[in-house]
Amino acid sequence: MTTSDSTSATVIMEIYRQLRDRYGDPPHRPDGDPLGALVNTILSQNTNDRNRDLAFAALRAQFPTWEAVRDAPTDAIIEAIRPAGLAPTKGPNIQAALQQITAEHGDLSLAFLETLPLEEARQWLVGLNGVGPKTAAIVLLFALGRPAFPVDTHVHRVTRRLGLIPQKTSREKAHLLLEALIPPELYWTFHLNLIAHGRQVCHARNPACDECWLHAQCAYYQALQEGNQTP
């Protein structure tokens, strides 16, 4: 399978269909809480879901409003979110983001992102401390229901192995490439199911290729068969 073949609409739809058939079609329900998504995703950086959730719960228990988080002593925020790791960086980034939102919009609300042109909304978000393309895309897609495609480590790994994007594509560039390849109406389900596949089958180390059903669409598997790729 060549790179051009792998990025065809037919291949995209076949991968989407097979992933959906195996992992399901999750309900499309944006939660309407972009501030929560913003903070939660900053906490998630370089840690696992359990530690992120522990840190988020501790933060909200100690500081029940975002205004309280914004105005608290930074050391107290750092201590509250310590389970997420990198707390001395994440704490100030969270407070700086909340302070910038207030300074620019008069209150702690990201409601303006709902009507801002998509690229302007994305660029505004990545201008916040600690916010990159993945965090911005998560806020836009899962909190506001806007068409953005988050690329985490699982999505990045699986899409490179499938050949949807070139092997040397950075995670930052992958956002734009995948958004151009995948129809926007598929973003929600495709993103979540790629994560599920990365966790259950296409592991970072020792991918379970023998258990995978995407052989015909997978550049990595075909290279293995041809002896051009190490397991």
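Throughout, read-outs are computed from the coordinates displayed, never taken from laboratory work. Bear in mind that the values here come from a model prediction, so they are computed numbers and not experimental data. Heads up, the Cβs are rebuilt from the backbone with ideal geometry, glycines too, and the neighbour counts pull from every protein chain shown.
Numbers for the structure displayed
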{"quantity": "All aspartates and glutamates inside 16 Å of LYS90 as judged from Cα atoms, apart from same-chain residues fewer than 8 positions distant", "calculated": "ASP49, ASP53, ASP71, ASP75, GLU79"}
{"quantity": "R0 of 35 Å, Cβ-Cβ distance ARG199-GLU114: FRET efficiency to nearest 0.05", "calculated": "0.65"}
{"quantity": "Value at 222 nm in deg cm²/dmol, rounded to 500, when DSSP H runs of n ≥ 4 in the chain each add -39,500 (n - 2.57)", "calculated": "-17000 deg cm²/dmol"}
{"quantity": "0 to 90° range, to nearest 10: angle between helix 153-162 axis and the chain longest Cα axis", "calculated": "20 degrees"}
{"quantity": "The range 146-231: relative contact order in percent, alpha carbon pairs under 8 Å with at least 6 residues between", "calculated": "33 percent"}
{"quantity": "The range 84-175: C-alpha gyration tensor shape, a/c 1.5 cut-off, then a/b vs b/c", "calculated": "oblate"}
{"quantity": "The range 34-143 - Debye-derived log10 I(q)/I(0), Cα point model, q = 0.09, 0.17, 0.23 Å⁻¹", "calculated": "-0.20, -0.74, -1.33"}
{"quantity": "Cα shape, the chain, gyration tensor, a/c 1.5 rule", "calculated": "prolate"}
{"quantity": "Positive-end residue of ALA136, ALA216, ASN48, charge dipole of the chain with Cβ unit charges", "calculated": "ALA216"}
